[in-house]
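Here, each number is a calculation from the coordinates, and none is a lab measurement. Keep in mind that what you see is a predicted model, and the values were worked out from it rather than measured. With ideal geometry, Cβ positions are generated from the backbone for all residues, glycine too; neighbour counts draw on all protein chains shown.
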Amino acid sequence: MVSQAGRKIGYALGGGGARGLSHIGVLKVLEEHGFYPDAIAGTSIGALVGVLYAGGLKAAEIEKVALRVNWRRMALLVDPTVSLAGFVQGKRVAALLKSILGDLSFPDLKLKFAAVATDIVSGEQVILTGGSVIDAVRASISVPGILTPVRVGGRYLVDGGLVNEVPVSVCHQLGAEYVVGVNVIPDPSQMLQKPRTGGRWARRKKATAATESQMRIPETARQRRPNLVQVLSQSLLIPGYRVAKQDLAGADLAISPAVGGIGFFDFDRGAEAIAAGEEAARHALRQGSIVT
């Protein structure tokens, strides 16, 4: 199928855990405006949403799938392993994927599709466009240390976000001439708490105002000291965001839903994420046409 204006459109759907459910909202709005892709490339959660779309489901149907899952019972999918490769073996995750996707193979898909994974041994990007769809998605969502690597073609594969967070470049390889990139990794500078407004800090603020003005102490220096959880979270978020921004730079239309308030594992907040995707897509379309 040739897209509007005779140009082939590709969707690059990025990784980011539960925040990636906002991809569904983006797809809904693009559909409302009559836009449909010729190819989809997905990383991690983007691969899962992307393959459902490539398999023939409309955005509203994918939304129903996402919202009907009782995410609070997802612990039942966890099959702990004694392997040091990861905490979760992932057989039940694969079973869930199969229950949603069926026995699809790549030739069965309605659109060109690629799932992005990382070879954990070599550090190379691996673009999966053949073989088992279940294995491809399972590999792309394998967050290191949580889900065990997937052996595909003699290589051990994990989450593609390590090397290509928003796979715009992969869309081009699939033949897309105009790429819509969707990033769901939030800006780390907006994630930590604001400066103190009470207590000892408030009592000292007036006395030190002049000194601060002279020294021009940056805002970040006047924040609370981050706790251990925040430090670890930011340590993962910062490189992920840098990779995502670099990848997104190659998109013709960049969409970044405001999902910073949704945690990586907050899958029970799917409706909120989807709404954020809708809002971001509408804003992006107001800024200009999808095809120039």
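Can you give the direction-averaged projected area of the convex hull of the alpha-carbon atoms in region 110-151, in nm²?
Working: hull surface 12.4 nm².
Taking a quarter of the hull surface, the average projection is 3.1 nm².
Can you classify region 105-176 as rounded, prolate or oblate using the Cα gyration tensor, where a ≥ b ≥ c are the square roots of its eigenvalues, rounded means a/c under 1.5, and otherwise it's prolate if a/b beats b/c and oblate if not? Don't skip to the end; give the middle numbers.
Details: a/c = 1.99, a/b = 1.35, b/c = 1.47.
Since a/c reaches 1.5 but b/c is at least a/b, the shape of region 105-176 is classed as oblate.
How do the peptides 42-48, 140-146 rank, highest first, by the average count of neighbouring beta carbon atoms within 10 Å per residue?
On the way: 42-48: 30.7, 140-146: 21.0.
So the peptides 42-48, 140-146, ranked by packing, come out 42-48, 140-146.
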